[in-house]
Amino acid sequence: MTFTDQLARATRQNQSLLCVGLDPEPSKFPGAWAGDASRIFDFCAAIVDATKDLVCAFKPQIAYFAAHRAEDQLERLMAHMKAVAPDVPVILDAKRGDIGSTAEQYAREAFVRFQADAVTLSPFMGRDTIDPFLAYADKGVILLCRTSNPGGNDWQMQRLADVPGQPRLFEHLAHLAQTEWNTTGQIGLVVGATFPAEIARVREIAPTLPLLIPGVGAQGGDAEATVKAGLTEAGTIVVNSSRAVLYASRGEDFAEAARRVAMATRDQLDAARA
Ligand SMILES: O=C(O)c1cc(=O)[nH]c(=O)n1[C@@H]1O[C@H](COP(=O)(O)O)[C@@H](O)[C@H]1O
């Protein structure tokens with residue numbers, strides 16, 4: 001089954017556009033686990049168990065594991081998600097991007113070592129850096145397009161004088177991703193919830209691509225505006241929230257609190273559907 005099909009099924013089954021981002025920071029763990037990096041798996045598994053019927057995807061961010069020499073815990077977590085939530089696709093947030101020979105290793109890391117269903121990539125180095133990921137049929141390949149951070153303006157909003165119509169960089173990328181780069185139908189785009197006007201613009205240029213939209217919750221993006229701008233019959237959205245869910249409570253009730261916030265966010269996104 002392709003990543004797009006998996007996503008459609010989980011969205012339907014859980015009636016959810018919400019992706020819970022797994023960005024474990026030991027300093028924010030509850031009670032006796034605080035500061036203990038050996039509890040990364042336990043913390044994330046508890047969040048997964050508490051939210052697995054409320055989400056259309058999970059998105060572990062690899063840096064939060066690698067920074068603590070906890071890639072083995074990420075491997076366990078990937079296996080755990082497949083065991084307890086086999087219908088929920090997992091997007092490995094790695095934001096990789098390098099020449100083809102190195103990209104082959106990054107693709108192997110994401111899809112063979114960690115068994116992810118999709119991966120985030122930086123498209124800055126061009127089409128050939130994406131190809132090794134597309135070689136894994138059925139896997140999703142999600143390219144940074146219009147990111148949620150303020151510095152996204154530095155490059156992504158610049159106009160390309162040499163391209164007809166002088167599109168902004170993110171507009172040109174959305175066009176390439178929808179057309180000539182998407183030979184296998186595996187590509188999606190990242191667009192920040194902090195910029196609803198640009199979500200609408202990307203949706204106009206890329207009507208059928210799945211959009212991963214981070215930035216609701218801790219970054220203050222508007223859930224309702226996000227859904228109105230991004231969701232259409234032909235194009236689905238995956239709206240990520242990490243810290244607002246993970247750290248809803250720093251007490252022993254952290255998993256129940258995470259569930260409450262995830263449910264409220266899921267319901268808010270659902271209510272905004274046309
Ligand atoms: O690719 C991403 O997931 C991503 C792209 C982007 O433009 N902005 C962005 O915040 N992210 C990621 O989405 C998550 C947002 O986390 P919260 O702000 O805590 O919800 C983090 O894991 C970021 O690395």
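The values are calculated or read from the model by the stated rules, or taken from the named source; none is laboratory data. Model, not experiment: these values are computed from the prediction. Positions of Cβ are backbone-derived with ideal geometry, glycine not excepted, and every protein chain shown enters the neighbour counts. The accessibility values were calculated without ligands, DNA or RNA, using every heavy atom of the protein model including side chains. Shrake-Rupley method; radii C 1.70, N 1.55, O 1.52, S 1.80 Å.
Within region 149-176, being in contact with a Pro (Cβ under 8 Å, 6 or more places away or on another chain) and crowded, with 21+ Cβ neighbours inside 10 Å holds for one residue alone: 173.
Restricted to region 237-259, and to residues there that are away from the ligand (no atom under 16 Å from the Cβ) and under 22 Å from residue 90 (Cα atoms), the residue that is least open to solvent (accessible area, probe 1.4 Å) is 255.
Listed by first and then second residue, the pairs with beta-carbon distance under 6 Å, at least 6 apart or on different chains, first residue in region 112-125 and surrounded by 16 or more Cβ atoms within 10 Å (Cβ to Cβ), second aromatic (Phe, Trp, Tyr), are 117/3; 118/3. Of the residues making up region 260-274, just one is among the basic types (Lys, Arg) and crowded, with 19+ Cβ neighbours inside 10 Å, namely 266.
What single numbered condition from (1) more than 16 Å from the chain's Cα centre (by Cα); (2) open to solvent by 10 Å² or more (accessible area, probe 1.4 Å) fails to hold for residue 43? For residue 43, the exception is condition (2).
Just the residues that are over 16 Å from residue 116 (Cα atoms), open to solvent by 60 Å² or more (accessible area, probe 1.4 Å) and in contact with a helix residue (DSSP H, G or I) (Cβ under 7 Å, 6 or more places away or on another chain), please, taken from region 66-104. Residues satisfying the conditions are 68, 99. Residues that are over 11 Å from residue 186 (Cα atoms) and in contact with an Asp or Glu (Cβ under 7 Å, 6 or more places away or on another chain) within region 114-140 comprise 114, 120, 125, 129, 132, listed in sequence order. No other residue among 189, 231 is out of contact with any Ser or Thr (no Cβ under 9 Å at 6 or more places or on another chain), closer than 20 Å to residue 5 by Cα, of a type in the set (A, V, I, L, M, F, W, C) and open to solvent by 30 Å² or more (accessible area, probe 1.4 Å) apart from 231. Within region 51-65, the residues that satisfy the criterion of being in a loop (DSSP other than H, G, I, E, B) and open to solvent by less than 10 Å² (accessible area, probe 1.4 Å) are 54, 55, 56.
Of all residues in region 202-228, those satisfying the criterion of being among the aliphatic types (A, V, I, L, M), within 15 Å of the ligand (Cβ to nearest atom) and either under 30 Å from residue 33 (Cα atoms) or in contact with a Lys or Arg (Cβ under 9 Å, 6 or more places away or on another chain) (or both) are 202, 209, 211, 212, 216, 218.
Summed over region 153-167, the residues that are in contact with a Lys or Arg (Cβ under 6 Å, 6 or more places away or on another chain) and within 16 Å of the ligand (Cβ to nearest atom) give a count of 2.
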